[in-house]
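The values are calculated or read from the model by the stated rules, or taken from the named source; none is laboratory data. This one's a predicted model, so the numbers in the text were calculated from it and none came from an experiment. Reconstructed Cβ throughout: ideal geometry from the backbone, glycine too, with neighbour counts over all protein chains shown. SASA here: full protein model, heavy atoms, side chains in, ligands and nucleic acids out. Shrake-Rupley method; radii C 1.70, N 1.55, O 1.52, S 1.80 Å.
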Amino acid sequence: CAVKAAQVLSEIAKNEEMKKPCIEADLVLTLIPLLESTDQEMLLHAGRAIGRICYDNRDLQEELVKVGVITSLVRILTDYAESEPLVHVDLLALCNLADLDTAKEALSKTKVAEQMVKQLRRAENHEKLEIVFEVLQALAENDALKVQLVEAGVQEVLSEILLRLQGSSQAEDTCILKAASDLIVSLLLGDQNSLGQLISLASYEGNTIILLISESGFLKIDGNCVRMVQLGVIHQLLDLLEKHVESGDISVQHAALSALRNLAIPVVNKVQMLEEGVAERIQALLRSETPPVQFKLLGTLRMLADGQADAAEILGQDPTLLNRLMQWCNANDHTGICGEANRLLASILRHNRSQEVVKAIQEAQGVKHLVSMTTCEHAAMQNEALNALAIASAIDLETLEESFKETQLVQSLHKLLQDDNTSPEVKYSSMGLLCSLLNSGDLRQEIEEDKIKETLEQLCSHSNANVVKAAVTTLQVLRGET
């Protein structure tokens, strides 16, 4: 009668109100030994009964783990891998228990990873895939299980699923793709060996892996960025980019550039990426006419140039890049691209230490864009332009002098100093640039004729201490006192 009794209990336990009487009657502890049976029907009904009684009851679930139910579940999964009803019940049980740290610890001492990968490979319908992914996601939160999953080849099965469902517009397929992507992100956060094996997925034709790497937040952590560059993901991203430049797959280009931009944030990565020719290779995208790709390309190049004089020198003397930059600086119908192009131009000058770069930008007629940038509505961009022009002036004022006069830079700076709405930081930077301009006789004359001295004297009583200090210093330079 045991099989029939277990079946009755599994039906009774469907009713929420009957769970408490089942618990009080100690039915869970009575049912657990039945999981050692070799009768599949017994296992099915006992498993269902236990699962329903213990559902959403953490104390009971902890008790199940304590009395060794994990071993029984993994045994059933191993011995009856082809029995779909049993596997379904078993997966539901694991799904309910796997969130417990004690369960994860117990599972790490079994072959559950191997069995779960087998079930992932066997899963043909969406319902089973979703349950398997839910269990795998819980397992991936444990470092030991994470390594076991990779060793069991989970990455190969995931790549097959991603490639099979790539491009599908069905809602069910989209859910599976997201679940697979989430799982890969969890696995990427593992140890270096796991990471190295999973990075190989980036070389596949599909864009899902690149998308999830670039958008998951995984690359927002410097340690992850550094490890990925050390493991050679840069070359795979660049290969993928170049492969899709001709085909015009915008989503891949956009995602790969997002990943490269994030990878370029840590200083140690900038150096390695520059040495490996990233700046030159991604310039193949300069001919792109797609705004999102253009925007990401500019951001990636700017991140590479940040704090890197060598990168600024390479980019600042590239005629193709400068020519394209000038076009984008004039792209008034795409304000985001126009702003990002100006920021890259300013970044090249700010981090550069070469007279040749200053001359190249002057010849490309880039100075007028930077002067215009000093009066834009964003204080951060104003500062970038002012600092770039100050550094360029310190390097080679003679080359820039004529352009400064044509663009009426002195008059623009005076307006910034006079305007009460100008931020203290911008006023401070404006005066720093003025000090550089005073080294030119013609520009000094313009400064004197524009009566900037009076404005500077008024700023000596400004509420911001840095502005006051800069005003005093600039007046001293203007008077020839320092």
Practice task
Within region 120-153, track down each residue that is assigned to a helix (DSSP H, G or I), of a type in the set (A, V, I, L, M) and under 26 Å from the mean Cα position of the chain (by Cα).
Solution key: Val135, Leu136, Ala138, Leu139, Ala144, Leu145, Val147, Leu149, Val150
Exercise for the section: Return yes when Ala394 is of a type in the set (A, V, I, L, M), surrounded by fewer than 17 Cβ atoms within 10 Å (Cβ to Cβ) and out of contact with any His (no Cβ under 7 Å at 6 or more places or on another chain) and no when it is not. Expected result: yes
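Within region 407-458, how many residues turn out to be in a loop (DSSP other than H, G, I, E, B), among the charged types (D, E, K, R) and either open to solvent by 50 Å² or more (accessible area, probe 1.4 Å) or within 12 Å of Thr375 (Cα to Cα) (or both)?
Adding up the residues that qualify gives 3.
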Handout entry: Boolean, Ala390 is over 21 Å from Leu478 (Cβ atoms), hydrophobic (A, V, I, L, M, F, W, C) and in a helix (DSSP H, G or I)
Key = no
Exercise for the section: Examine region 368-382 for a residue that is within 30 Å of the chain's Cα centre (by Cα), farther than 21 Å from Arg324 by Cα and at pLDDT 95 or above, and state whether such a residue exists. Expected result: yes
Practice task
Could you pull out the residue among Glu17, Glu63, Glu11 that is part of a helix (DSSP H, G or I), in contact (Cβ under 8 Å) with a residue 24 or more places away in the chain and open to solvent by 60 Å² or more (accessible area, probe 1.4 Å)?
Solution key: Glu63
Problem - region 100-119, subset open to solvent by 10 Å² or more (accessible area, probe 1.4 Å) and assigned to a loop (DSSP other than H, G, I, E, B), residue farthest from Gly153 (Cα to Cα) - result: Lys109
Practice task
Residue by residue through region 20-40, note down the ones that are without any contact (Cβ under 8 Å) to a residue 12 or more places away in the chain, within 20 Å of Lys66 (Cα to Cα) and within 49 Å of the chain's Cα centre (by Cα).
Solution key: Pro33
Handout entry: Output for region 227-268, where each listed residue is open to solvent by 10 Å² or more (accessible area, probe 1.4 Å), β-branched (Val, Ile, Thr) and over 24 Å from Pro291 (Cα atoms)
Key = Val267, Val268
Completion exercise
Pairing a residue in region 431-448 that is under 15 Å from Ser412 (Cβ atoms) and not assigned by the TED database to the domain that holds Asp396 with any residue that is at pLDDT below 95 and open to solvent by less than 40 Å² (accessible area, probe 1.4 Å), where Cβ atoms lie under 6 Å and the two sit 6 or more apart in sequence or on different chains, gives none
